[in-house]
Every structure is written in structure tokens, then in C-alpha cells.
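Here is the structure we will look at.
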Amino acid sequence: MSAPRSARSRVLSGIRPTGDSFQLGNYVGAVRHWAAMQDENDCYFFLADLHALTEAPEPDKLRERTRNAVAQLLALGVDPQRSTVFAQSHVAEHAELGWILGCLTGFGEASRMTQFKEKGGGTVGLFTYPVLQAADILMYQADSVPIGEDQRQHLELTRDLAQRFNARYGDTFTLPGAYAGRAGERIKDLQDPTRKMSKSIGGNGTVWVLDEPKAITKKVKSAVTDAGREVRAGEDKPGITNLLTILAVCTGKAVPELEEAYDGKGYGDFKGDVAEAVVELFAPVRARYAELVADPAELDRVLATGAERARAVALETMTAVRERVGLLAPRS
Ligand code: ATP
Ligand code: MG
């Protein structure tokens, strides 16, 4: 008998351990929502270390970043008592289900994923990563995934694969939807506000969650701004719009309210305030992170507990999947 499934909605999300720190966009677009949704949902949050391999990281670095990412999640309010926090590679079934789903994915279908096209080619791993991502989601029978606009196409693929599998082999997978409660803020690179801020891009346009206050202030104050002097949002002002979004998240105020407050003031005052707000937002996170990272054994325990909980669900899914696709069960 399987354990009774919680009545709460199941949510799954992941982050790649691709940088020495999370960046501001990860907080705004993902992790702050994770922390907020824990009470009402049955949450699975994972460090996508297999997905990080598409960047060919240095092995010791990847290990260190994976552990440090756990400390950052906890410092940002993810609670491993309420949520299942685990490393993707600790549940070997992800790769197995990725393969099985890959055998249901058309080559043309995978080729249409725009992210691969945008990157202009790369490894087979990068090409098939949306299929592994589908496996990550379907494994846990997630009802919804909090995704950004860039991931919408991948969620569609996940749903198509789930439907195809269910039609061919019998009802097995829950069809996941997009998590409704998530606001769609995308934080842009401070030096190039036409592209999103990313861990793997880094540089002066990226504010790290673990940056020292001085570094944050310097980066925000030297953010690329737009022609004119007015502090207002608009398509013609991607730099100021981005900074307004950041200030709105930090202060909990709406953008129009901020536009009004900065009416008649220059970019200098505005940027100073944005810098201060981000510094204040991350100062306690940095302090908490320093405490957590000083105890790596405890972080490993968090991952071990998470992996155990995740494996139980994964095993249940995979026992059904193996049987349905016709894999001979090993004798025990
Ligand atoms: P990488 O460059 O390695 O892809 P990343 O910064 O894009 O790193 P991911 O690990 O790919 O981070 O994504 C983790 C989560 O953060 C995802 O939910 C993603 O949608 C969100 N996210 C990433 N960048 C931003 C951003 N600039 N604004 C809002 N959300 C973001
Ligand atoms: Mg990314």
C-alpha cells in the first residue's frame, strides 16, 4: 500500500547549482515564491545537479555549489521540515525516467524547443534537457510547477509526454499545470536590460544574493539606464523598468506608486534607494547563510532526509512505469 497522498496540492521546482551564489532574479522569480507556498502545498524543491552538467562544471565546484545551494535555500526561507529538499542525482530514477520519456519524444518535437535553438547548438545533453525536466516533474506526480515565461514551452512538452504515456500504457502520470500564484517578474541584467539576469552569465550586471553590500551598491549604481531623466516604467526604458521592478519587490510597493514617489527626482537618488533596498533585503540572508554553511554535515543531513522522502515517491512512480512499459522486474 502506498502512503495516502496529502490533500494539499503537490508542487515541484528546481534550481541549477551553476553559480557560487543565487542571483537576484532567482530570488524574485523563484525562491521567494517557494518559501511562500510551503504552508499550503506539498512542496518538492531540488538542486538540479544533473542539469548543471550541461555547463561542464569543474567537479569539485559542482559539489560545493550543490551543498551551498542548500544553505541558500534555507537562508531564503525554504524549510526542510515542511518541504522535501533534495539533490536530483540522489534519486537515480530521474535519469531512468528521462530515458523512457526520451523514447516517446520525437526528434522534431525536441528540435522545436527554442532554448536550444537560441543557444545555437551544443551537447546532446543540452538538446534533451527538456525531456529530463519532464521526468523531474512527472516523477512526483506534481499538480503544478511555478514556472517563468521561458519555461512555458517545456511545460507543454511535459504535458504532451504525460498524455502520450498515459494513452499508450494506461493512466500513470498527473498532468501538471502552471502554478497560478506566481507573479511573473523577470529580472534583467543590470548591464544589458534586454536579457535576463542569469547565474551562468554573471558579471557586473548580476547581483548575487551573497554579494557584499558594497558590491551590490556599486552594481546597482552603475546599472545601465535609459535616455531621459524620468523614473517611469515603459518599453522604451528597459533599464529603469527593471530597477523599478526590483524596488517594488524589495519594498512591497506597486510600480505606479514608486513612479509617483520619484516624480521630479533624478536617476541618482532613485538608484541609491534601489541599492539600499537590495542591501537590506539580502543582509540577513547573508548572515544566516554564513551560519548554515559552517555546518556542512547538517546540510548533508538535510539532503539525505530529502532524498529519502523523494525516493519513496519516485520508486512508486517507477514501479508502475517499469511494469507498464514492459521491463522485466529483477528477482529480489
Ligand atoms: P543558469 O544561468 O545556470 O540557467 P539561472 O539564473 O537562469 O541560472 P536557473 O537555475 O536556470 O537559474 O533557474 C532557477 C529558477 O530561477 C527558475 O525558476 C527560473 O525561472 C528563475 N529565474 C532565473 N533567472 C531569473 C530572472 N532573471 N528573473 C526571474 N526569475 C528567474
Ligand atoms: Mg536558467
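The values are calculated or read from the model by the stated rules, or taken from the named source; none is laboratory data. Keep in mind that this is a model prediction, so the values were computed, not measured. Positions of Cβ are backbone-derived with ideal geometry, glycine not excepted, and every protein chain shown enters the neighbour counts. Remember, those area values only see protein heavy atoms, side chains included, never the ligands or the DNA or RNA. Shrake-Rupley method; radii C 1.70, N 1.55, O 1.52, S 1.80 Å.
Its DSSP H runs of at least 4 residues, each contributing -39,500 (n - 2.57), put the calculated 222 nm mean residue ellipticity of the chain at -16000 deg cm²/dmol, to the nearest 500. Ratio of alpha-carbon Rg to the 2.2 N^0.38 Å globular estimate for the chain, to two decimals, please. Its radius of gyration relative to the 2.2 N^0.38 Å reference: 1.05. In region 301-331, whose amide N lies under 11 Å from the spot 7 Å out along Cα-to-Cβ of Cys103? List them in ranges. From region 301-331, the list is 322-328.
The simple spin-label model puts a point 7 Å past each Cα toward its Cβ; for Asp236 and Ser222 those points are separated by 2.9 nm. Dipole size of the chain about its Cα centre, with +1 on Lys/Arg Cβ and -1 on Asp/Glu Cβ: approximately 540 debye, rounded to the nearest 20. According to the Cα-based calculation, Rg over Rh for region 6-117 is 1.00, with Rh computed by the Kirkwood formula. For region 187-332, the percent of C-alpha pairs falling in each 10 Å distance bin, counted from 0 to the bin holding the largest distance, reads 10, 29, 21, 14, 14, 9, 3, 0.
Farthest toward the positive end of the dipole of the chain, out of Ala178, Leu299, Ala48, is the Cα of Ala48, where the dipole comes from beta carbon charges about the Cα centre.
Residue separation of Lys214 and Glu280 scaled by 0.36 nm, minus their Cα-Cα distance, works out to 22.6 nm of gained length.
Over all orientations, region 230-302 has a Cα convex hull whose mean projected area works out to 6.4 square nanometres.
Computed over the chain, relative contact order equals 22 percent, with contacts defined as Cα pairs under 8 Å that lie 6+ residues apart.
Overall, region 72-146 carries a charge dipole of about 240 debye about its Cα centre when +1 sits on the Cβ of Lys and Arg and -1 on the Cβ of Asp and Glu, all other atoms neutral. Between the residues His90, Thr66, Phe22, the greatest Cα displacement towards the positive end of the dipole of region 1-123, with unit charges on the Cβ of Lys, Arg, Asp and Glu, is found for Phe22. For the residue pairs Lys61/Lys214; Lys119/Lys218; Lys61/Lys253; Lys117/Lys214, the C-alpha atoms sit more than 32 angstrom apart in Lys61/Lys253; Lys117/Lys214. Based on C-alpha pairs under 8 angstrom that are at least 6 apart in sequence, region 1-110 has a relative contact order of 33 percent. Average projection, convex hull of the Cα set of region 73-161: 6.9 square nanometres.
One equal scatterer on each Cα of region 1-62, no solvent, Debye formula: the resulting log10 I(q)/I(0) at q = 0.16, 0.26, 0.28 Å⁻¹ is -0.65, -1.10, -1.18. Under a no-solvent Debye model with one identical scatterer per Cα of region 125-168, what's log10 I(q)/I(0) at q = 0.14, 0.18, 0.34 Å⁻¹? Taking Cα atoms of region 125-168 as identical point scatterers yields -0.30, -0.50, -1.33. Compactness of region 116-265, taken as the C-alpha radius of gyration over 2.2 N^0.38 Å, stands at 1.34. Annotation: peptides 119-126, 167-174, ranked by per-residue average of other Cβ atoms within 10 Å with the highest first, follow the order 167-174, 119-126.
Got a number for carbon plus sulfur as a percent of region 1-76's accessible area, 1.4 Å probe? Answer for region 1-76 is 49 percent, counting heavy atoms of protein chains only. For region 160-258, the relative contact order comes to 18 percent (Cα pairs under 8 Å, sequence separation of at least 6). Protein heavy-atom accessible surface, 1.4 Å probe, per residue over region 82-122: 48 Å². Across region 85-117, the residues whose backbone nitrogen lies under 19 Å from the label position 7 Å along the beta-carbon direction of Leu327 are 88-105.
To the nearest Å, what is the center-to-center distance of region 119-177 and region 202-251, using C-alpha atoms only? Rounded to whole Å, the Cα centres lie 33 Å apart. Rounded to the nearest 10 degrees, the angle from helix 267-293 to the longest Cα principal axis of the chain is 40 degrees. Surface composition of region 79-215: carbon and sulfur atoms hold 52% of the protein heavy-atom accessible area at a 1.4 Å probe. The magnitude of the dipole of region 112-269, with charges of +1 and -1 set on the Cβ of Lys/Arg and Asp/Glu and taken from the Cα centre, is near 460 debye. Straight-line reach from Lys221: taking Cα to Cα under 18 Å and skipping same-chain neighbours fewer than 8 places apart, the lysines in range are Lys188, Lys237, Lys265, Lys271. Using the charge dipole of the chain (Lys, Arg: +1 at Cβ; Asp, Glu: -1 at Cβ; taken about the Cα centre), state which of Gly121, Pro330, Met37 has its Cα farthest towards the positive end. In the chain, that residue is Pro330.
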